[in-house]
Each structure stands twice: as C-alpha cells, then as structure tokens.
Amino acid sequence: MKPRYSPPALLALLACCLALSRGYTLRSSVSWVVSSNDVVEDADLSEEVAPALLVDGAGLWKQAYPSPDVLADGVESPGELVKPESDGVARLSSRLFSYRLEKVKKSAGGSPPPHQETARTARYIAHYSDWGHLATISTLDKIKGLPFGNIFSVSDGPLDNSTGVIYFYVTPMDNTVSDLKSNPYASLTFSEAEGEFCRQMAYDPEDPRCARLTLTGKMVEVAPEELTFAKEAMFSRHPVMAKWPVGHKWFFMKLELIQVWLQDWFGGVSLIPLEDYFKATPF
C-alpha cells in the first residue's frame, strides 16, 4: 500500500528541500559577462588591469579592434554586448597596451581603387599597410639557406605623403637583419586583409578579391640625407618606436624595388612596371 501524505506534510517536505538548496544557484552552460558586483576568486590580475577586464571585456575588444561595419545577420559586435560603465574603464583598458591608442592616427584609407587600376591598387596597399611579412634567406644554423619570414612595421611616408618606398626601423639584434647582411635581397608581402575591407566584404584572405602585394628588392641602409624623412615616415605612423631602447642600436633601412607583384582579382596576377608603380597615387 502506497503511503499518502496530507497537504501540510507535502508543504513541510517542500520547505525542507528549498532550505537544503539555498546555497546553490543554477547557471546555464553559456558564458556570461561578470558584472562589477560579482566576486572573482583565484584571479591573478593586477589592481589596475582587473577592473577593465572584469567590467568591460567586450569594450576592451572594441577599443583595440573596432568592429567592421558589416556583420553577419543577427550578430552583435563585441562592443555592443556590454557597454562601459564609465570613462574610467576605457582609461584602465588602455594600460594593457604599450602606448595610448588615441595618440595613433587611424591609418586606414578610403575604399580601395578599382581592381583594373593595378598600379594604383599596389600603391594603395603599400601606403595604408602598417606592417608586412618580410622573407629573407636564413643564416640560422638549422635552416641556413632556407626561407625565413618575419613581421615588420613599415611606412612609405606620413599618411598625407606616399612615396611608394618602404622604410623600416630595425635592430642588429634581429635575425632578419643578420640574414640581410649575408644576402640583402628580400620580399615584403602585404595583404588587404590587414584592414577592414575584406572583413566587410566577407572575403577570405586567400580570396583573389582580397588583394595581395609582394614587393621584391634589395634592402639597404637609409643614406644620411634621407634620414630625416625616414624618421618622419616611421615615427608618424608608429609613434611608440621613438621610445624604444637606444641600446638596441636601431637604424633605418628601405627596400629598393626590383619587382612589384599584385593579385587583386580573378584571372591571374599582375607584374607592375616600376615606372607605373611610382607614377601612381594611392589617394
């Protein structure tokens, strides 16, 4: 015979269950943003950085990497998920970087030139790219004689003055500089995926419509009469470089072009004559 409980007994049993579960909160498996009122234990964060990370992690992403204008349907940009509680949060977030982001001028240009204008497209990419991939012939023991790639910050001039000549600020302590002492020839590759255009158009970086530019030539040290312009070109685009330690013996180099290789559409690549490249303008 099954036991029967009276309504008062059932209520007492329910109250007992609720009392036992008071210390527990059910949460879904989906991640959530921690508010400023929540307590995070075992966090290994400094007092200055922690508030920025905990209060506004999404805002930090938006500050460092602005979201593109075009996103997938129904997808919110990271910066829209959580709004910062105060301006102080943004100031704390900026301490995570080596320099304050607002001091750096935005280097993205307008819309790319029509793909048929290959020389202008090449100049556009060379001017508005802040960094590129430099390939040299390695002098490292285990890969001596093999290709070796490295990332470098670059500039072909201040934002309002494009030259088409790519400048570098390098140190003898870099393996790539050692390579160049042995063999000064190198190839520098840029991708339009560095900017916002390919993201906005949903182009994969390997899509031919997301342009790629490879400049091949001889890396040489900048002559004394050209140093003032090289310094302006690099430091106006990369202001933090001016504060790099002098003990590393930084110096300026540039790439003397031999070939301009461009892929910016379907149907093959373009080898742009140097005369056409230097006559074109990215603006």
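All of the numbers you see were taken from the coordinates with simple rules; none came from a lab. What you are looking at is a predicted structure, and each value in this text was computed from that prediction instead of being measured. Glycine also receives a Cβ, built like all others from the backbone with ideal geometry; neighbour counts cover every protein chain displayed.
Here the spin labels are modelled as points 7 Å beyond Cα on the Cα-Cβ line, and at L146 and K279 they lie 4.4 nm apart. Computed extension gain for D160 through K231, at 0.36 nm per residue and net of the alpha carbon distance, reaches 24.1 nm.
About the Cα centre of the stretch 118-279, how large is the charge dipole given +1 on each Lys and Arg Cβ and -1 on each Asp and Glu Cβ? Please answer in debye to the nearest 20.
On the way: 15 positive and 20 negative charges, 67 e Å.
Computed charge dipole of the stretch 118-279: roughly 320 debye.
Can you sort I272, I137 so the residue with the fewest Cβ neighbours within 10 Å comes first? Let's see the in-between values first.
Numbers: I272 22, I137 17.
Ascending number of Cβ neighbours within 10 Å: I137, I272.
Which Cα, out of P273, P158, P147, lies furthest along the positive dipole direction of the stretch 118-279 (beta carbon charges, K/R +1, D/E -1)? After comparing all options, I get P147.
Here the extension length gained between N183 and A223 equals 12.5 nm, from 0.36 nm per residue of separation less the Cα-Cα distance.
Near the amide H of S138, within less than 5 Å, lie the amide hydrogens of G145, L146, F148, all on another chain or at least 5 residues away, with H placed in the peptide plane.
Which entries of K142/K181; K142/K249; K181/K231 show an alpha-carbon separation above 20 angstrom in the structure shown? Kindly include the intermediate steps, with their values, before the conclusion.
Values: K142/K181 18 Å; K142/K249 27 Å; K181/K231 22 Å.
Violating the 20 Å Cα-Cα cut-off are K142/K249; K181/K231.
Of the peptides 119-129, 240-250, the order by per-residue mean of other Cβ atoms within 10 Å, starting with the highest, comes out as 119-129, 240-250. Computed log10 I(q)/I(0) for the stretch 118-279 at 0.08, 0.11, 0.14 Å⁻¹: -0.24, -0.45, -0.73, from the Debye equation with unit scatterers placed on every C-alpha and solvent omitted.
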